[in-house]
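We did not get these values from a lab; they are worked out from the coordinates using the rules stated. Just so we're clear, the structure is a prediction, and the values are computed from it rather than from any experiment. Reconstructed Cβ throughout: ideal geometry from the backbone, glycine too, with neighbour counts over all protein chains shown.
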C-alpha cells in the first residue's frame, strides 16, 4: 500500500514519534544534526555496497533516505521552520542559480580551489 502525504503532515508525524525530553536545546539539535549525518553515511555505505561490491542493498538506501528526511523534519521543528517552505526555497535558489541548464557537475560554475 502506497501512502502519499503532504510535507506538513509528515513533519507533524515525525514530531509525534520523537523524543522531546532533552537536557538542553543544544543536546536536542546535536541529536537531530548528528542523526542526519549518520543516516547520510548509511546511504553512502549502501550505495558503495550496491555498486562497488555488487551486494544489492538498494532497500537500505531507500530506508536510510527516509530516516534522513525524519531528521531533516526534526531540525525544521527545532528551528520552527516548515519543511515544505525549506524545500520550496531550495528549488527557487537552484532555479535562480542554474536556470534552464539544470544542476549537474558540469553546470557548477565556480572557481576551482588550488591546493
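Helix-only mean residue ellipticity at 222 nm, the chain, DSSP H runs n ≥ 4 weighted -39,500 (n - 2.57), per residue, nearest 500. What is it?
On the way: 4 runs with 75 residues, N = 115.
For the chain, the value works out to -22000 deg cm²/dmol.
Structural descriptor for the range 11-101: relative contact order 33 percent, calculated from alpha carbon pairs under 8 angstrom and at least 6 residues apart. Once the Cβ-Cβ distance of residue 34 and residue 62 is raised to the sixth power relative to R0 = 25 Å, the FRET efficiency obtained is 0.70. Sorting 2, 77 from the fewest to the most surrounding beta carbons within 10 angstrom yields 2, 77.
Dividing the convex hull volume of the alpha-carbon atoms in the chain by its residue count gives 195 Å³ per residue. Note on residue 53/residue 97: beta-carbon distance plugged into 1/(1 + (r/R0)^6) with R0 of 35 Å gives a FRET efficiency of 0.50. For the pair the range 1-65 / the range 87-101, the C-alpha centres are spaced 24 Å from each other.
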